[in-house]
Amino acid sequence: GRVWDFQRPNEDWQCESPGCGVIAEPGNTKNGVFRISATRAHHTRAYLQKGSEHPGFILFARFKVVEWEGAPPAVYLYGRSGREGFHALTSSASSGRLFSYYGQDEPSISHGNVRAGYATKSKWLRVALACYEDYVFAKSWPEGTPEPHWQAEGKSSRLKAGEVSFGVWTSPKTPSKATVLFDDIRFVSLTADSLEKWGIRPGPRPSLNVADLPERGVFRVPGRIGLASDPSAIAFDEKSGEITNFVDRASGREFISREAKEPLFRLAFTKPYSEE
């Protein structure tokens, strides 16, 4: 992998806007950052030179929105970007989502939400986007908090390769401008041997064979631990705690989609007066 902390001149990330480039972070002049000043509608991006040579990758970054005029911007990580569309993790002020875009004439496909938006100006948010074969993954977490497991996953067989970039989107309906700072960009090329290291498991959830389960009580199957009762069984991923299966024992019916990665429920703890 490679890391850019922007403490030296940048030659690898090329931006299409004159308001882009490496600067000293305002208020912290010892730290270099990559600034994107978006002054036109839609996308303003910085592309990684030769990024298209790596169809399997993870792109990590941290960013903060310094200022905007008009509508709040959306901050993007892009993968496999080209004429046919792109994969993207987009972060708004309140949340984020993973999706695949196939052009104006076709609907985009949403793969699920990540758990954090950039909330307020001048707070760093960390984000990650991964592409491997037909699968895409994403997550986000506030600076200073533990890095989570992947929070959204989807499948798209249409986009095989393309450019890697990060950028800012501004509204075409409300005249808008935005300045966003990026730092600690990390690009990791993914191989089949490195998937486990990064917690990436492409493919649907494994099914649960009710015939192999005890009548009642705790059970273990590969990668999962569960609880069985007379009418049903539930299983959890041993590493993430994610609910992987919920099965009716009489019919064998699985009540959780094998493709879905959203949890059944989520608890959010907030400090509303400090906006945390």
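Translational diffusion of the stretch 1-121, estimated by Stokes-Einstein from the Kirkwood radius over alpha carbon pairs at 4 °C in a medium of 1.567 mPa s, is 81 µm² per second.
Cut-off under 25 Å on the C-alpha distance; same-chain residues fewer than 8 positions from Lys197 excluded. Which lysines are left, in chain and number order? Cα-Cα hits under 25 Å: Lys50, Lys139, Lys155, Lys160, Lys239, Lys261.
Gln49 sits among other residues whose Cβ lies under 14 Å from its own Cβ, and their net charge, with Lys and Arg +1 and Asp and Glu -1, is -2. The stretch 30-59 and the stretch 215-257 have Cα centres spaced 42 Å apart. A simple charge model with +1 on the Cβ of Lys and Arg, -1 on the Cβ of Asp and Glu and nothing else charged puts the dipole of the stretch 124-276 at about 300 debye relative to its Cα centre.
Here the 3J(HN,Hα) profile of the stretch 65-80, calculated from phi with Karplus coefficients 6.51, -1.76 and 1.60 at θ = phi - 60°, is 8, 7, 7, 8, 10, x, 7, x, x, 10, 10, 10, 10, 10, x, 6 Hz, Gly and Pro shown as x. What does the C-alpha gyration tensor say about the overall shape of the stretch 79-121? Classify as rounded when a/c is under 1.5, otherwise prolate if a/b is larger than b/c, or oblate. Prolate, since a/c reaches 1.5 and a/b exceeds b/c.
What's the ranking of 209-218, 105-114, 175-184 by average number of surrounding C-beta atoms within 10 Å, highest first?
Packing order, densest peptide first, comes out as 175-184, 105-114, 209-218.
Among (1) 1, 5, 12, 15, 17, 15, 12, 9, 6, 4, 3, 2, 1, 0; (2) 1, 5, 8, 10, 12, 12, 13, 13, 12, 8, 4, 1, 0; (3) 1, 7, 13, 18, 20, 17, 12, 7, 3, 1, 0, find the value of P(r) over Cα pairs in 5 Å bins from 0, in percent that was calculated from the structure presented, and write down its label. Here the calculated entry is (1). Note on the chain: dipole from Cβ charges, positive end direction compared against Gly223, Pro175, Trp4; the farthest Cα belongs to Pro175. Couplings 3J(HN,Hα) of the stretch 161-174, computed from phi: 7, x, 6, 10, 7, 10, x, 10, 10, 10, 5, x, 8, 10 Hz, in residue order, whole Hz [Karplus 6.51 cos²θ - 1.76 cosθ + 1.60, θ = phi - 60°; x for Gly and Pro].
Going by a ≥ b ≥ c, the root eigenvalues of the Cα gyration tensor, does the stretch 193-254 fall in the rounded group (a/c under 1.5), the prolate group (a/b larger than b/c) or the oblate group? It is prolate, given that a/c is not under 1.5 and a/b is the larger ratio.
Across the chain, the relative contact order, built from alpha-carbon pairs under 8 Å that are at least six residues apart, equals 21 percent. Answer rounded, prolate or oblate for the stretch 148-263, using the Cα gyration tensor with square roots of eigenvalues a ≥ b ≥ c: rounded when a/c is under 1.5, else prolate when a/b is larger than b/c, else oblate. Prolate.
By the Cβ rule of 4.7 Å, the chain holds the following cysteines without a possible disulfide partner: Cys131.
None of the figures in this text is laboratory data; all of them are computed from the coordinates on show. All values reported here derive from a predicted model rather than from experimental measurement. Note that we place each Cβ from the backbone using ideal geometry, even for glycine, and neighbour counts take in every protein chain shown.
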